Each structure stands twice: as C-alpha cells, then as structure tokens.
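Enquirer: Have a look at this one.
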Amino acid sequence: MSGRKKQAEIDKVLKKVVEGVEVFEEILEKVYSSSNINQKEKYESDSKREIKKLQRYRDQLKSWITDKEVKDKGPLIEARKKIEIQMEAFRSCEKETKIKAYSKEGLQLRSMKEDGKDNVRRWIRSCLDQLQSQVDAFDVDLATLSPDPNSEDFSKRCELELWVERNNFHCHALEVILRLYDNERISDEQIDMIRGLVDEYIENRTDPDYNENEALYEEANIHIPEKGENFDYDSPHDLEMAPNERNALPFSTDGSPTTTITTGLPGTGANPSASSGLNPSSSSSTLPSSSPSSSSPSSSSSSS
C-alpha cells in the first residue's frame, strides 16, 4: 500500500475511533441510568457490541504504531489510549452488573437503593401530613366566615376555599405518586423534578406574592388521574398517555361521557362567585358527567 493510501486509511480509522468512543460513552451512561431491567440489558448488549468495534480499531492502530513506514505515530497512540480507557470503563461496568443480588456487594447496593426509596416515601408522607394540617386550620377559619356573597368576609372565604381545594389536590397527587413510586412506575428523577416545587408550595402557599406552578406534575411527565377515575397503577399505558390527550377523550376511563366545567380563578378577571354550583375557585377540569363535582372544599381527602 502506498504511503498516501495508508495515510488515508489511518485518517479514516482515527475518525471512526472518535465517533465510536462517543457512541460507547452514550450507551454506557444509559446502562447506569436505566431503571428498567429490559432496557438495561439491551444497553449492556449494545455496549458490548460497540467495545468490540473499538477493540478491532485498537488492533489496527497497534499494527500501524509498529509500522516503520508510519512516521507520525502521536495520533495513533492517543487514539489507542482513548480506546483502552473505554475498555476499562466497560470492564468496570460489566463487573458491577454481574454482582449477584444475593452477594455481599449486591445486598449493600440494594440496601442503599432501599434507603433512597425510604427517604422519598418519608418525604411524601411528611408533605401529606403538612398539607392536611393546613387544611384543618383553613377549615377552622372557614367556619367563622359567612358564606353570604354580600358579606365583608366573602372574598377571604373564597381565598381559603381555594387554598383548601389546592391542598386537597396536592394530597391526592402525592398519594397517587406514592403508589406509583412503590410500583416503580415513576423514577427518582421525576421525584427530584417535583420535590422542590412541592416543598415551596407548602411553605409559601399563603404568601400573597407566591405564584404556584400548577403544571409541576405535567412538567415531570406524571399523570394525576381525577378522583374516581379508573386508573391502572401498574400499567405503563396510563402513564405514557399525555395529560392533554386524556383530557381530550370524549369518554372517561370508565366509559361515561365527560363534560368540561370551567370557573374563574383569582387574578384571571373572572368572577370567583359565579353561580356555577361549584367551588368559586375551581379551575378547569374534565369530569365524568355521571358523577358529582369533586371541586367542593368540603370533599377534603384524608391523607395517610
């Protein structure tokens, strides 16, 4: 092979090494981050395939490094080192994934994972306790306020009813999330996305300058079913369907027709005391027409 052709072949392999290292690193990251057993096994198989490709490039590089006709060996040695680093990363990953569940190391890893899950469960239960305590306090204040729309207390009453309604919604959402988490239907990453926002809501709910992020669960791709909705906590179908797709369905999950009811929210310019027969502070929702509205503040949910 002429010197020019050989250099062209070297350049081609060096380029493939760079691309191969990037692909391998991406797959290896997925091996570590995936919580789904089937996906994890697939990524492990993909990483093994890619490391074999890199090993073949390494063998070729080694032959060129010992070739006296090749003068510039620096890029070849550097590329070989990059491959060897990835080979070591693959061996470490393979060793970790081969730890048996009943081995000492495996039990330690499982214990660490369970400790993390227990921490999440404790946090959710603490939030539920705090939210329910707030609801109890709001209910005490509501008992002292007149329900007459013409009374001086009515705007304060509407505000408290809104707080009760939002707290009850978050209690329901966190109870759903706890059950999904126990069934491994949502990830720690999704919990991390909502954790700070839920804590912020509990701490600052009554602050007049606080603006609640009402889409915090949607942004974490967590579907919160309506109360009474026939929701399968073990099926990935219910979780994968986007909330806007579910709300667009002409029938609820139990087959009954749905109707959309919209009332005003404070700050929107709508009259919070509109005679809709619902809580004055209810937000838009899709409810089965055959069931009564669940937006009344009197339908407080009990938390664990």
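The values are calculated or read from the model by the stated rules, or taken from the named source; none is laboratory data. Quick caveat: nothing in here was measured; it's all calculated off a predicted structure. Glycine also receives a Cβ, built like all others from the backbone with ideal geometry; neighbour counts cover every protein chain displayed. Heads up: the accessible areas ignore ligands, DNA and RNA and are worked out on the full protein's heavy atoms, side chains in. Shrake-Rupley method; radii C 1.70, N 1.55, O 1.52, S 1.80 Å.
Enquirer: Which of the following residues is more than 25 Å from ILE65 (Cα to Cα), charged (D, E, K, R) and surrounded by 12 or more Cβ atoms within 10 Å (Cβ to Cβ): GLU9, GLU44, GLU50? Full working, then the answer.
Expert: On the way: GLU9 fails: more than 25 Å from ILE65 (Cα to Cα); GLU50 fails: more than 25 Å from ILE65 (Cα to Cα).
Exactly one of GLU9, GLU44, GLU50 is more than 25 Å from ILE65 (Cα to Cα), charged (D, E, K, R) and surrounded by 12 or more Cβ atoms within 10 Å (Cβ to Cβ), namely GLU44.
Enquirer: How many residues does the range 41-72 hold that are within 16 Å of THR97 (Cβ to Cβ) and touching a residue at least 24 places away in the same chain (Cβ under 8 Å)?
Expert: The number of residues fulfilling the criteria is 5.
Enquirer: Keeping to the range 27-40, report how many residues are open to solvent by 90 Å² or more (accessible area, probe 1.4 Å) and either under 12 Å from CYS93 (Cα atoms) or modelled with pLDDT of 95 or more (or both).
Expert: Matching residues across the range 27-40 total 3.
Enquirer: Hey, another quick one. So which of GLU105, GLU152 ends up being open to solvent by 40 Å² or more (accessible area, probe 1.4 Å), of a type outside the set (Val, Ile, Thr), at pLDDT below 90 and assigned to a loop (DSSP other than H, G, I, E, B)? Reasoning before the result, please.
Expert: Working: GLU105 fails: assigned to a loop (DSSP other than H, G, I, E, B).
One residue alone meets the criteria, GLU152.
Enquirer: A follow-up question, please. Output the qualifying pairs, or none if there are none: Cβ atoms under 8 angstrom, residues six or more apart or on different chains, first residue in the range 118-146 and more than 16 Å from GLU165 (Cα to Cα) and open to solvent by less than 40 Å² (accessible area, probe 1.4 Å), second residue of a type in the set (Gly, Ala, Ser) and modelled with pLDDT under 90.
Expert: From residues that are more than 16 Å from GLU165 (Cα to Cα) and open to solvent by less than 40 Å² (accessible area, probe 1.4 Å), the pairs are LEU145/SER151.
Enquirer: I'd like to verify a number: residues in the range 64-82 that are at pLDDT below 90 and either touching a Leu at 6+ places or on another chain (Cβ under 6 Å) or open to solvent by less than 60 Å² (accessible area, probe 1.4 Å) (or both), how many?
Expert: Adding up the residues that qualify gives 3.
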